[in-house]
Amino acid sequence: MKRVSKVFMSIFVLFTVLFTNDAIIEKVEAADTTYDIWDGQADIDWYDSSNIKDSYDILNAKQLAGLAQLVNSGEDFNGVVINLTTNIDLNNMEWTPIGGSNQLEGVTFNGNGYMVKNLKVTNKFSSGLFGWIIDCQLNNLNVEGEIITRSGYAGMLAADIINTNIYQCYTSGTITMNGTDYNEYGDAVGGVIGQYYNEDENVNGYIKECGSSVTINAVTPGQYAGVIGWASTYNDSSTYEISDCYFSGVLSISDPSSATNGIGGIILSVGADFGHADLPSGNYIVKNCYVSGTVENTGDSTSALGIAIVDGTVDNCYWNSSLQIDGVQQLIWNKSKQDFDSGTGQTTNTEERTLEQMKTVEFLSTLNGGRTVWEWMIGNDGNSYPILVWQLRNYDADYTLVDEALKKVPDDLSVYTNDTVNSLNNAIDAIIRGKDASEQSIVNGYAAAIENAINQLVYRDADYAKVNEVISKVPKDLNLYTDESVKVLNNALDAVILGKNITEQSIVDGYATAIENAINQLAYIGADYTKVNEAIKKVPTDLSIYTDESVKKLNDALDAVVEGKNITEQELVDSYATAIENAINALEKKLIVIDGSDSNSTNKDDIVVPPAGDLTNIPYLIFTVLLSSAIIIVLSKKQKRV
């Protein structure tokens, strides 16, 4: 590919600043941050050229270096699948690219989301983790490092690829093209790939779901772009698709006059290889890409484009409006003129956007177009841009919500029921730390489960044992007590509310205390003294006519009456009445002496009669009546004689 002078074409497409405050990503760390550190040695013992396997697992840095050594020494890995199984730290030791001096052909390399960091390549014509590769497939790999070279092709992932597809790869670090050596085909530098071209007819290639935050320092004239520095094809029967890619790095031009071959965001692309003007042009498709990176010190603004393409189509692509550069140039190689004319390519739904617009839900939806290729790093908080869904595996999931939920767990779980505490403990035990951001929904689910279990905690029931115990002491017959004291007791009983929980134990204990106090303050009804009073009314007004002995017994019965007895002593009170009645009935009247002149006579001839009104001794009364009659008769006869 010869250098094209005074033509500035480029396709620049994607960017996502993955963190807040528009910071450029320096590195992408895989979720598993354990690294095998390279000591500069190569291990080739895992490979036997006499027994080539269908696939190999690269277990450490030495084996990766061994792969480079084997390929560069000419070993054929065509048709082999190679799987990276760990993160690798190349320790900033000089690296010879895999395919640096001999091509890597026909290999599928699966990075499995791991990171190769601290790559260092100096002054290699083909500079990158991979050098010259043909008919390969590179998948799901993150590469970070530093490349410094004087000329040639440079890409953090691979320098020069032919008929090779790239899927889900990300690069970061710096690439500097600063030499004076001149590459007759034109230097090509890309954040991911230096140069791509297609040699065969009817072979369609692609780079999909890739991104880069590489800083490219351009000193030497050449082609510079954020993802692919240069792409060309030898035929027009093939297509090359760049889709769902972004660039968030910096394209820095030390000397604007050195940028004679163009600066692009994603790709600097032409239809045919210059120097082979008789060959047909290819078909390029760029879609669903965006750029939020920067281009510095470009000189003539027409030499730097947000999105540029030669002889192809651009659809649904967006660039940073703050760059103040053109978005797309449609150019096509004119074979007869050996120069470019206005192209016939199509540009649709492609325009500049502000960085703030790129942070919106609408922008994410526009990029996805009904798909789920793009996502937020940690939600849409106004400080993040869309990233590729697969990249979420490169970042730790955010456990903030989980930790916040755990802080809400009550310190004392003993007050809750066993079932609800078990549910909470199960939710807590289900937490698995170390998940990556692609599983953020699972992590958020942990938090939701804990929150839900906390909200469903049920307090244990309060202990009503004291209440039940004191209720058992309530007298069975409350009719013995005063209405007022019984009312106090009933109020205490009615105040009891069942179903209180353990946090209300003091209230429940208060029920017991109130009931017990009411029981202790129950007041008996007074005994009924009606019979006593009725008996007392029967006591003769004049007790002088009764014998002292019988009166004394009556007075003793009266004196025995104790007022204020309660109903439980009713028998005693009734016995007072009986005793009084009996004493009254037992009263004995004194005898009356009658002599007509001296009632005080003690003469034996005096007649003693019972006191008037004493009807208690009937025989004695009859005797008195008869005696009186006899006396009257005798007196009457004496008067007649006189």
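The values are calculated or read from the model by the stated rules, or taken from the named source; none is laboratory data. Note that the coordinates shown come from a computational prediction; the quantities given were computed from them, not determined experimentally. Cβ placement follows ideal geometry from the backbone for every residue including glycine, while neighbour counts extend to all protein chains displayed. For accessibility, only protein heavy atoms count, side chains too; no ligands or nucleic acids. Shrake-Rupley method; radii C 1.70, N 1.55, O 1.52, S 1.80 Å.
Over all orientations, the stretch 448-498 has a Cα convex hull whose mean projected area works out to 4.7 square nanometres.
Hey, could you get me the Stokes-Einstein D for the stretch 503-599, Kirkwood radius over alpha-carbon pairs, 25 °C and 0.890 mPa s, rounded to whole µm² s⁻¹?
Roughly 143 µm²/s, to the nearest whole number.
Give me the Debye-computed log₁₀ of I(q)/I(0) at q = 0.14, 0.20, 0.22, 0.24 Å⁻¹ for the stretch 358-416, equal point scatterers on Cα only, no solvent, two decimals. Cα-only, vacuum Debye calculation for the stretch 358-416: -0.53, -0.78, -0.88, -0.98. Taking only the C-alpha atoms of the stretch 64-128, the Rg (one decimal) and the largest Cα-Cα distance, Dmax (whole number), read 11.9, 31 Å. The residues of the stretch 487-589 have, on average, 59 Å² of accessible surface per residue, using a 1.4 Å probe with all protein chains present. Note on the stretch 377-494: Kirkwood hydrodynamic radius from all Cα pairs is 18.9 Å, rounded to one decimal. In a fully extended conformation the segment linking N468 and N490 would gain 6.4 nm over its present Cα-Cα distance, using 0.36 nm per residue.
Taking Lys and Arg as +1 and Asp and Glu as -1, the other residues whose beta-carbon sits under 15 Å from that of E469 total -1.
Every Cα-Cα pair in the stretch 469-534 was counted, and those over 16 Å apart are 53% of them. Compute the label zone of N479 within the stretch 555-582: residues whose backbone N is under 18 Å from the point 7 Å along Cα-to-Cβ. The answer is 566-571.
Once divided by 2.2 N^0.38 Å, the Cα radius of gyration of the stretch 78-195 becomes 0.97.
Amide H contacts under 5 Å for T96: none, restricted to partners 5 or more places along the chain or on a different chain, H placed in the peptide plane at 1.01 Å from N. Measuring r between the beta carbons of D429 and D54 and using R0 = 51 Å, the FRET efficiency lands at 0.75.
Convex hull volume per residue, computed on the Cα atoms of the stretch 423-555, equals 129 Å³. Evaluated over the Cα positions of the stretch 152-230, the convex hull gives a direction-averaged projected area, one quarter of its surface, of 4.9 nm².
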